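Report on the structure given below.
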Amino acid sequence: MKKFLLSLVLILFSINTLFAQRDTEHWIAPYYADTSGYNHMLYLSTDSTTPFTVTIYSNNVALGTVTISKGNPQTYLLPANYIAATSTFDAYTIINKGVYLKGTKPFYCTLRIAQTSHGEVVTSKGKAGIGTKFYAAATRITSSGYSFTTGILATEDNTKVTVSDYDPNMQFTNQTAPPLTTTFTLNKGQSFLFAGDGNVTPNYSGFIGAKIVSDKPITVTNGNANGNFGTSANSGSDLILDQSVPTSRLGNTFAMVKTRSTAPANNMEGAIVIATENNTEIYVNGGTTPLATLNEGDWYRINETNYANQGSGHSNMFISTTKNVYVYQLVGVGTADNTGGFNYIPPLNCFLPRKIDEVGKINEMPLGTGGASVVYSGLIVKLNILTEAGATVSYTVNGGAPTTPTPAQGPFPLTGNANWVTYAITGIGGTVAVTSDKAVTAGINGGYSTAGYGGYFAGFSSIPLISKTTGDCIPGIILEVDDSYDTYQWYLNGNPITGANSFSYTPTVGGNYTVKVTIGSCPAETTPVFKVFTCLTESNKAMNVCDISQVVIPEFTVSTQTYNPSTVTIVTPPTNGIATINPVTGVINYTPNVNYVGTDTIVYKFCGNAPEFVDCEEVTLTFTVSELPEVTNATLRTCFLEGNTATGEFNLTIAPVTTQTGVTKQYYPSNTDAVNGTNEILNPGNYIAPSGVVYVKVTNGNGCYRIAQVTLIVFPPTTSSVLTEKVICIEDKTTLDAGPNFDGYQWSTGATTQSISDVTVGTYWVRLKTGECWTKQTVKVYPAQQPVISSIDIATNTVTVNATGGTAPYKYSMDNINWQDSNVFTDVPRGNGMVYVKDAYDCNPTTVEITIPNIINVITPNSDGVNDILDYSELGHKSNLVIDIFDRYGTKIYQANKANGYKWDGSTNGSKKVSTGSYWFSVSWNEPNAKQTPIKYSGWILVKNRE
């Protein structure tokens, strides 16, 4: 490029038309330069009256900050190594170049590049400039000394990028035999450069229209560094560079205002059109015959001659296509053909903003000492305005009063599209703002002699975009779209938000936010999704800890999400203890150092379990480590309860488990209950239980506790082994003795002695004291059971007494004086007598009166009045008197009873005489005493019947 001949050693250059987008984030990919020595400066401006900070990053490292506000645009001198590559080893490989700018409110950003011979401006499109599908752009290389460049910068980690559809015979810088498809993976802030020079013919245009596809958002900077697209392409070169946009931002109608080239023969103006679909037709100025028909990835240059002269030195061009395309305007200055540049032109749409506020320092470039931003002497700047027909337009300079363009400045019609008009205002500089009551964009062309630059601002999105005005997350983030639309409706996850009908909205929960806007006759449009996340919640918590391990369960302060155990991390460990994380549950276990008392702090972080909009919290937890109370195990003893001798009543409150004051005690049936605070014993003062254990939770004023075990012992009843039941004669008395091994005695008789005497038959009790316990023991004195004379057998003069009951051995007597062991008495005289029986207790004897009847051994039933009958009628007063007669074979042949007067006349039925012979008789009766003692008297009798 031929050099500028002025004494200020300025440059001959042309700057591509600026077309910056107002946003809170800007990404600019690096470029590959065959020419070195460029200064790089970022120009930042905003409409916010509240100052805010913009941070500049490269490879995720902050390089610096600037503070901007309305009327106070700022610059940042960017070292070349962060944005430009000049070493061949930086091409076709993953590098760490490129910049990322982030502010809390929307702002405009341009990267202005200059040196004494060349210059260019890269205009950032904000988030409208990032996406997942692009087609590369450049001008055709016309000399071996020129080159193309395409830089790709990742905005997220693990971004896979695939580049294809370039000329297979190309030779890239640092890769002379590339594959048909190039694939690589970038992390956030990393970049990849494609470059090639004109030493091989396929490089001339082989990369124009190359397809770039990624699985996560990227940004692309493309063009020539350097190049020349003029007719006399060998007279010099310039930097031709701009930021691309993804295919989702493209359209098919475009308008351009001719720049400041004054040599049509050089063909320094016009456009590059790149198709994204097959069978794409290109038309200009409303023509009906296409200039060209392109397939995907094909490109076409529209010549300068297609501009329409609208008079007053104003020319413009309307471009339309049948399918969405990229349009890059070619620009030049003056009569030189080495002042080229290009810039991406956004499609016409209803949703262009109503104002551009504001673009700073439009007439400055980094050409001062040390790369400072300066204004060139004699500089002429032209402001180009594109707006809808019928709009009211004004502009301001450096915050001054609004100025309405004169009729000589416009509006000018746009041939082929009656809905749009253009303006041109020459001789402007400083910081500019443009306002229209309809869709508007503006471009700057500036320069002098063989140097110039320009800039368009806003309009890169065919639909509105949400941006952040403040903050990055909830709470604090505020979203907005342009404030020039007619209506607004905000949505969260596809659902309308009630009352959210302003151009701005403050989210309260994370999620996918969109806003539907309308303006004029344009159909309603919904913005792309803007993902809003909650900020890292920073909270402070306190916990009292005893000098034992403490469990900390992560818990959100505000979020309703459940924490994910795998996300729990300790950011700052404790200094006076140890903190560990259970990898399965995420629970933190803190153990203070031995004997440490005081405060200790840990910082831990955890996140929720949401699939996408995950809440996270960082907790600064201060432990107050306190001593545990001192406790000892204890034993309580008590006497048994008479109602249930296995249990006793205990006063648990007197258990000596601690000597410390200021503590509280709670009582539990098990250690687990004591730890968990469950099943508390609510009546510790009169707790009834068997022998066993209970647990006392002793808690001090710091909430620290220890658990003591109390052993409960129930003294069982202690009875006398010598005090036993007695049996005495009913008429006798005895002595009851409880034995000497007791501490006290309380008899039912009132006696308090070891024994009591003169005790008759009955039931008695005594309370026996052992220690402090009294045991009630009952004892009975039974009357001896008297023997019972069960029967008496009399055989002639022999009496046999049969006794039962009582206690053997028995004694027998018939006079109560002389006693014998035998129950048989012989030679007992006839008549009435008494039988006496007593047992081993020698009590008063049992008596039975007996009768020994007169024995009749022979009867002669011949009616002679002598021994005619056997007559026992004298025994008739005896109960149950029965006389049975048996023959010698034992067959009863007769019974004498009351009916026949207890007599037998020797017959079987009162008439038939029995044969002479011996017969047996049995006389039985019951003596008339209390026991109805049965008496049986038996013998034989001789019957002599005389016929």
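The values are calculated or read from the model by the stated rules, or taken from the named source; none is laboratory data. Since we're looking at a predicted model, the values are computed, not measured. So basically every Cβ, Gly included, is an ideal-geometry build from the backbone, and we count neighbours across all protein chains shown.
Working carefully through the options T575, T508, T557, T585, find the one that is closer than 14 Å to V619 by Cβ and not in a strand (DSSP E or B).
T557
Looking only at residues that are modelled with pLDDT under 95 and in a strand (DSSP E or B) in the range 620-635, which one is farthest from A708 (Cα to Cα)?
F623
Residue pairs, Cβ under 9 Å, 6 or more apart or interchain, first in the range 55-82 and more than 30 Å from V397 (Cα to Cα), second of a type in the set (K, R). List them.
From the range 55-82, the pairs are Y57/K102; S58/K97; N59/K97; N59/K188; N60/K188; N81/K97; Y82/K97.
Please count how many residues of the range 228-249 are at pLDDT 90 or above, part of a loop (DSSP other than H, G, I, E, B) and surrounded by 24 or more Cβ atoms within 10 Å (Cβ to Cβ).
Count: 2.
Yes or no: T514 surrounded by 14 or more Cβ atoms within 10 Å (Cβ to Cβ), on the phi < 0 side of the Ramachandran plot and part of a strand (DSSP E or B)?
Yes.
List pairs: first residue in the range 732-747 and within 20 Å of T763 (Cβ to Cβ), second residue among the aromatic types (F, W, Y) and buried (at least 16 other Cβ atoms within 10 Å of the Cβ) anywhere in the structure, Cβ distance under 9 angstrom, at least six positions apart or on different chains.
Cβ pairs passing all conditions: D732/Y841; L736/W747; L736/Y764; A738/Y745; A738/W747; Q746/W774; W747/Y764.
Looking at the range 423-459 only, could you name the residues that are among the aromatic types (F, W, Y) and modelled with pLDDT under 60?
Hit for the range 423-459 is Y448, nothing else.
Which of the residues spanning the range 132-175 are within 20 Å of A275 (Cα to Cα) and not in a strand (DSSP E or B)?
Residues satisfying the conditions are A136, A137, A138, T139, R140, I141, D165, Y166, D167, P168.
So that you can scan it fast, the table gives a plain yes or no per residue for (1) touching a residue at least 60 places away in the same chain (Cβ under 8 Å); (2) more than 26 Å from V517 (Cα to Cα); (3) of a type in the set (A, V, I, L, M):
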residue: P411; (1), (2), (3): no, yes, no
residue: T415; (1), (2), (3): yes, yes, no
residue: V432; (1), (2), (3): yes, yes, yes
residue: S436; (1), (2), (3): yes, no, no
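Filter the range 732-766 down to the residues that are in contact with a Gly (Cβ under 8 Å, 6 or more places away or on another chain) and surrounded by 15 or more Cβ atoms within 10 Å (Cβ to Cβ) and list them by number.
Q754
Given the conditions (1) surrounded by 21 or more Cβ atoms within 10 Å (Cβ to Cβ); (2) under 26 Å from R112 (Cβ atoms); (3) in the same structural domain as E296 (by TED's automatic domain parsing), report the number of the one that T335 does not fulfil.
Every condition holds for T335 apart from (1).
Being of a type in the set (G, A, S) and out of contact with any strand residue (DSSP E or B) (no Cβ under 6 Å at 6 or more places or on another chain) is the filter; apply it to the range 483-501 and report the residue that is nearest to C535 (Cα to Cα).
So, considering only residues that are of a type in the set (G, A, S) and out of contact with any strand residue (DSSP E or B) (no Cβ under 6 Å at 6 or more places or on another chain), the one nearest to C535 (Cα to Cα) is G494.
Output the residues belonging to the range 265-287 that are at positive phi and part of a strand (DSSP E or B).
Correct list: G270 only.
Name every residue in the range 773-786 that is modelled with pLDDT under 90 and of a type outside the set (G, A, S), in order of residue number.
Once the filter is applied, which keeps residues that are modelled with pLDDT under 90 and of a type outside the set (G, A, S), the range 773-786 yields Q785, Q786.
T183 versus (1) of a type outside the set (F, W, Y); (2) over 23 Å from V99 (Cβ atoms); (3) part of a loop (DSSP other than H, G, I, E, B): which is the lone unmet condition?
(3)
For G703, work out the one condition from (1) on the phi > 0 side of the Ramachandran plot; (2) of a type in the set (G, A, S); (3) loosely packed, with under 12 Cβ neighbours inside 10 Å it doesn't fulfil.
(3)
Applying the selection to the range 858-873, what residues are surrounded by 11 or more Cβ atoms within 10 Å (Cβ to Cβ) and on the phi > 0 side of the Ramachandran plot?
Result: N867, single match.
For the range 360-374, name all the residues that are in contact with a Gly (Cβ under 7 Å, 6 or more places away or on another chain) and among the aliphatic types (A, V, I, L, M).
Correct list: I362, M365, V374.
Out of the residues in the range 901-936 meeting the condition of being at pLDDT below 80 and polar (S, T, N, Q), tell me which one is nearest to A795 (Cα to Cα).
N929
Kindly indicate which of Y590, Y596 is in contact (Cβ under 8 Å) with a residue 24 or more places away in the chain, within 25 Å of V675 (Cβ to Cβ) and in a loop (DSSP other than H, G, I, E, B).
Testing whether each residue is in contact (Cβ under 8 Å) with a residue 24 or more places away in the chain, within 25 Å of V675 (Cβ to Cβ) and in a loop (DSSP other than H, G, I, E, B) leaves just Y596.
To keep it simple, each residue is scored yes or no on (1) among the β-branched types (V, I, T); (2) within 30 Å of P845 (Cβ to Cβ).
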site: A689; (1), (2): no, no
site: V698; (1), (2): yes, no
site: T719; (1), (2): yes, no
site: F742; (1), (2): no, no
site: Y745; (1), (2): no, no
site: W765; (1), (2): no, no
site: G771; (1), (2): no, no
site: W774; (1), (2): no, no
site: P787; (1), (2): no, yes
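The conditions are (1) more than 17 Å from T387 (Cα to Cα); (2) of a type in the set (K, R); (3) at pLDDT 85 or above, and K468 fails exactly one of them. Which is it?
(3)
Look through T678, T672, T664 and report the one residue that is touching a residue at least 24 places away in the same chain (Cβ under 8 Å) and surrounded by fewer than 17 Cβ atoms within 10 Å (Cβ to Cβ).
So the residue among T678, T672, T664 that is touching a residue at least 24 places away in the same chain (Cβ under 8 Å) and surrounded by fewer than 17 Cβ atoms within 10 Å (Cβ to Cβ) is T664.
Do you know which residues across the range 808-832 are surrounded by 14 or more Cβ atoms within 10 Å (Cβ to Cβ) and either touching a Leu at 6+ places or on another chain (Cβ under 7 Å) or touching a residue at least 24 places away in the same chain (Cβ under 8 Å) (or both)?
Listed by number, the residues that qualify are Y810, K811, Y812, S813, F825, V828.
Which residue out of G189, G145, G198, G131 is of a type in the set (G, A, S) and modelled with pLDDT of 95 or more?
G189
Would you check which residues across the range 396-438 are farther than 24 Å from A308 by Cβ, surrounded by 14 or more Cβ atoms within 10 Å (Cβ to Cβ) and out of contact with any Lys or Arg (no Cβ under 8 Å at 6 or more places or on another chain) and list them?
T396, V397, T403, G429, V432
Looking at the range 44-123, what strands (runs of 3 or more DSSP E) fall wholly within it and have at least 3 residues that are closer than 21 Å to I152 by Cα?
Filter on the range 44-123 gives 52-58, 61-68, 99-114, 119-123.
Can you tell me how many residues within the range 815-844 are basic (K, R) and closer than 23 Å to D732 by Cβ?
1
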